[in-house]
Each structure stands twice: as structure tokens, then as C-alpha cells.
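The structure appears below as C-alpha cells.
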Amino acid sequence: MDAQDDEASMAEVRQAIEEVARMEEEVEEIAARHGFDSSHELTEIGSQIFNARHALEMERRLPEMERELDESLQRIEDDPDMPAEQKATMRDALEQQREILRDAAPDVPEQDVEAVRGREDELEAVFSN
């Protein structure tokens, strides 16, 4: 790389840094306009809302998914043609799936979940656009 290339590269870096600074300033202005102290606060609250929405969705879907797992387990147990070793392997795999499903629900404070539950329609309208 020669001096001219170095200078061009540095100009690109400066331009990128200036653009990021402008974007950051714009985000801070948006956050302030909506009553947040900073973009960090906006991000934190947005994350809380997202996690609470996800927890609610899992709360609704988990019983049906577990019922389906239970039905699958019952079909395995009721299959007279399936060897015991295969049943055990499949049972273990389904129980692992059950644990994965339970772990997929984020650990969210109940007050966050209740706050989101009370405004689900409004949030859905915001997030669906």
C-alpha cells in the first residue's frame, strides 16, 4: 500500500465514523422525543418488551407442544412392534425436546409479562408494521 492508498483508506474510515456518529445522534434524538433518557434506555426497554412477548407466546404454545410430545410418547409405548431399546432411544429424544421447549421460554419478570399482556393488541399493531 502506498501513501495515496493509505490516505484514501483513512478518508473512508473518517467518513464511516462520521456517518456512525450522525446515526447515533439521530437515534438519541428519537429516544429523547419519545421520553427516554438515552438510546440505551430505549434498547433496554425494547428488549424487555420483546422478551415478555416471547414469554407470552411460549406460555400459549407450550401446553399444545407438550401435549403433542405426550401423544408421541404414548404411541411409542403402545407400539408392540418397536423394540424396547428403540423405544428408550425415542423416549429420551422426546424428553430432550421437552427440555429444549421449556428452556426456549425466556426467564422474564412476571411484572413485565403482565405489563405486556395488558397491551398486547397495541404492541401487535406496532410490531406487525
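Bear in mind these aren't lab numbers, they're just calculated from the coordinates by the rules spelled out. On a predicted model such as this, the values are computed, not experimentally measured, just so you know. Cβ placement follows ideal geometry from the backbone for every residue including glycine, while neighbour counts extend to all protein chains displayed.
Selection within segment 1-38: residues that are of a type outside the set (Asp, Glu) and not in a helix (DSSP H, G or I). The member of this set that is farthest from the chain's Cα centre (by Cα) is 1. The conditions of being surrounded by fewer than 15 Cβ atoms within 10 Å (Cβ to Cβ), in a helix (DSSP H, G or I) and among the polar types (S, T, N, Q) are met by residue 47. Sub-6 Å Cβ pairs linking a first residue in segment 32-61 that is small (Gly, Ala, Ser) to a second residue that is assigned to a loop (DSSP other than H, G, I, E, B), at least 6 apart or interchain, are 52/108; 55/105; 55/106; 55/108, ordered by first then second residue. The criterion of at least 1 residues that are farther than 25 Å from residue 45 by Cβ is met by the following helices (runs of 4 or more DSSP H) wholly inside segment 56-129: 84-104.
Entry remark, segment 50-76: residues being touching a Lys or Arg at 6+ places or on another chain (Cβ under 8 Å) and surrounded by fewer than 12 Cβ atoms within 10 Å (Cβ to Cβ) number 0 in total.
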